[in-house]
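Here the structure is laid out as C-alpha cells; the discussion comes afterwards.
The values are calculated or read from the model by the stated rules, or taken from the named source; none is laboratory data. Computed from a predicted model, the values in this text were never measured in an experiment. Here the Cβ is made from the backbone with ideal geometry for all residues, glycine too, and neighbour counts use every protein chain on show. Side chains are part of the model used for accessible areas, which takes the heavy atoms of the whole protein and leaves out ligands, DNA and RNA. Shrake-Rupley method; radii C 1.70, N 1.55, O 1.52, S 1.80 Å.
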Amino acid sequence: MCNCNCRISCPLLSIVAGIIIGIITAFLTITAVITVTPAFLWVTLGISVVYLAVLLLSTSLSCNCESRRSCLCPTITVLITGILGTVLLSIVLLGVTFAATSIIGAIITGALLAFLAILLTSTACLIKCLVRCSDFE
C-alpha cells in the first residue's frame, strides 16, 4: 500500500524486514551458526504476551478518529499477526524438539524470528501512528 507521497507504508516495511531476518535466521540455523535455546523461546513467548497487553492498552487509549483509522488498522493487523505468529511458533518449538541442523527446525526458527521482527518493527509503526507522524496523513 502506497500513500499520497508514493512511499511504501510502514507496515509493509516491517513485513519486508521480518522476511529478510527470517531467511537469514533459517540459513544460519541450517549451517549451525546459531542455535535456539529453550530460554530464548520462553523469552519470545513472554515478549509476545506483553506486546498483546501493550496493544490492548494502546488501542483503548487511542481515539476513534477517522484521520488515524487509515493508519491504525493496517498497523494493528500486522502487529497482531506478529504476536500470534510468535506465540504459536514459540509453543511449537518448545513442545517439539528438532535436531540442531534440521531443515524443518531451521524453517520454523526462521519463521519465529521473522514474526518477532515483524512484532518489534510494527510496534514502531504503531507508535508513529499514535503520535500522528504517519505517512498516511
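Quick notes on this one:
- Note on the stretch 95-134: residues that are of a type in the set (D, E, K, R) and in a helix (DSSP H, G or I) total 1.
- Failed item in (1) closer than 14 Å to ILE83 by Cβ; (2) within 12 Å of the chain's Cα centre (by Cα); (3) modelled with pLDDT of 90 or more, with LEU52 passing the rest: (3)
- Applying a threshold of 9 Å to beta carbon distances and a minimum spacing of six or more residues, or different chains, the list of pairs starting in the stretch 37-58 at a residue that is over 15 Å from ILE127 (Cβ atoms) and ending at one that is open to solvent by 80 Å² or more (accessible area, probe 1.4 Å) reads LEU41/ILE91; LEU45/ILE91; ILE47/LEU120; SER48/LEU84; LEU52/LEU84.
- Output for the stretch 21-43, where each listed residue is farther than 18 Å from ILE91 by Cα, at pLDDT below 90, among the aliphatic types (A, V, I, L, M) and open to solvent by less than 70 Å² (accessible area, probe 1.4 Å): ALA32, ILE34
- The set of residues from the stretch 82-114 being more than 18 Å from LEU52 (Cβ to Cβ), β-branched (Val, Ile, Thr) and surrounded by fewer than 14 Cβ atoms within 10 Å (Cβ to Cβ) comprises VAL96, THR97, THR101, ILE103, ILE104.
- Residue that is nearest to the chain's Cα centre (by Cα) [pool: residues in the stretch 115-125 that are surrounded by fewer than 24 Cβ atoms within 10 Å (Cβ to Cβ) and modelled with pLDDT under 90]: THR123
So that you can scan it fast, the table gives a plain yes or no per residue for (1) of a type in the set (A, V, I, L, M, F, W, C); (2) in contact with a Phe, Trp or Tyr (Cβ under 7 Å, 6 or more places away or on another chain); (3) at pLDDT 90 or above; (4) on the phi > 0 side of the Ramachandran plot:
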site: ILE76; (1), (2), (3), (4): yes, no, no, no
site: THR101; (1), (2), (3), (4): no, no, no, no
site: GLY105; (1), (2), (3), (4): no, yes, no, no
site: ALA111; (1), (2), (3), (4): yes, no, yes, no
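- THR29 passes every criterion in (1) in a helix (DSSP H, G or I); (2) over 20 Å from ILE80 (Cβ atoms); (3) without any contact (Cβ under 8 Å) to a residue 12 or more places away in the chain apart from (3).
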